[in-house]
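Comments concern the structure below.
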Amino acid sequence: MNPILIVDDEPAIAMLIRRILTDAGYRCEAVTDSTRAADLLEQKQYDLVLLDIMMPKIDGYDLLNYIRPTDTPCIFITAKAAVEDRVRGLHSGADDYIIKPFAPAELVARVESVLRRTGRSMVVYHLWDLTVDTAACRVQCGDEEIRLTPKEYKLLLLFLRNRGRALYRDYLYETVWGEDSIADSTRTLDTHVTRLRRKLHLGDRLRTVRNIGYLLEKESPQK
């Protein structure tokens, strides 16, 4: 998998995006200068570009014109929230448009959606003795291949992309099942989480967060 290029002239925002996506399992490079970004795009291949619009020297629209011939997907991440700005961005050839400020879970979900849609989603997650190959849709615990239902697998990916973050029950249910909350949504979600814990031997690593939902722990660094 090629890295993701993040282009934003605000260093704090660029580093925040990089940290969120790195935690979700993606390799990233971040630059704060659009001229430097153009140089990198000429030298390397990227699976995705996350691009701010309002930048000095070369703005996001002009840089997108430079990106399009490379056939690299692009997501605008910008504070320009007006409808006409979103329409212009999408008509310019961007694959998606995210408005600042954004929730980390939304950013990861949008990135995964574009990568999947463009056939570039091939992350391999390694956590404890768990390996998840998203290209092959294969889940292994040690040497044992684990069979998950489609909903269990989608739920697992959500936890992996957001490990270390508490995810709300409503967000989990609506994202995985694609429906508004219904009477038995809590029971349905809890049942699937219980199955994931058992099948993948996660125990308290996939823990309940009171009054919120669930959180998958990060793996502690080796000492």
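Filtering segment 45-54 for residues that are farther than 14 Å from ARG120 by Cβ, open to solvent by 10 Å² or more (accessible area, probe 1.4 Å) and in contact with a Cys (Cβ under 6 Å, 6 or more places away or on another chain) leaves an empty set.
Which residue pairs have Cβ atoms under 9 Å apart, sit 6 or more places apart or on different chains, and have a first residue in segment 41-54 that is in contact (Cβ under 8 Å) with a residue 24 or more places away in the chain and a second that is of a type in the set (D, E, K, R) and open to solvent by less than 10 Å² (accessible area, probe 1.4 Å)? Listed by first residue and then by second, the contacts come to LEU50/ASP8; LEU51/ASP8; ASP52/ASP8.
Quick check on segment 114-140: of everything there that is of a type in the set (Ser, Thr, Tyr) and at pLDDT below 85, which residue is surrounded by the most Cβ atoms within 10 Å (Cβ to Cβ)? Checking each candidate, the answer is THR134. Considering segment 165-179, and only residues there that are more than 12 Å from LEU189 (Cβ to Cβ) and surrounded by 12 or more Cβ atoms within 10 Å (Cβ to Cβ), the residue that is modelled with the highest pLDDT turns out to be ALA166.
Taking segment 88-121 as the range and being closer than 18 Å to LEU160 by Cβ and of a type in the set (S, T, N, Q) as the test, the residues that pass are SER113, SER121. Considering segment 83-100, the residues that are open to solvent by less than 60 Å² (accessible area, probe 1.4 Å) and either out of contact with any helix residue (DSSP H, G or I) (no Cβ under 9 Å at 6 or more places or on another chain) or among the polar types (S, T, N, Q) (or both) include one that is modelled with the lowest pLDDT, namely ASP85. The residues of segment 186-211 that are modelled with pLDDT of 90 or more, hydroxyl-bearing (Ser, Thr, Tyr) and farther than 19 Å from ASN162 by Cα amount to a single one, THR191.
The values are calculated or read from the model by the stated rules, or taken from the named source; none is laboratory data. Nothing here was measured: the structure is a model prediction, and the numbers come from that model. Every residue, glycine among them, receives a Cβ derived from its backbone with ideal geometry; neighbour counts consider all protein chains shown. Surface accessibility is based on the protein's heavy atoms, side chains included, excluding ligands, DNA and RNA. Shrake-Rupley method; radii C 1.70, N 1.55, O 1.52, S 1.80 Å.
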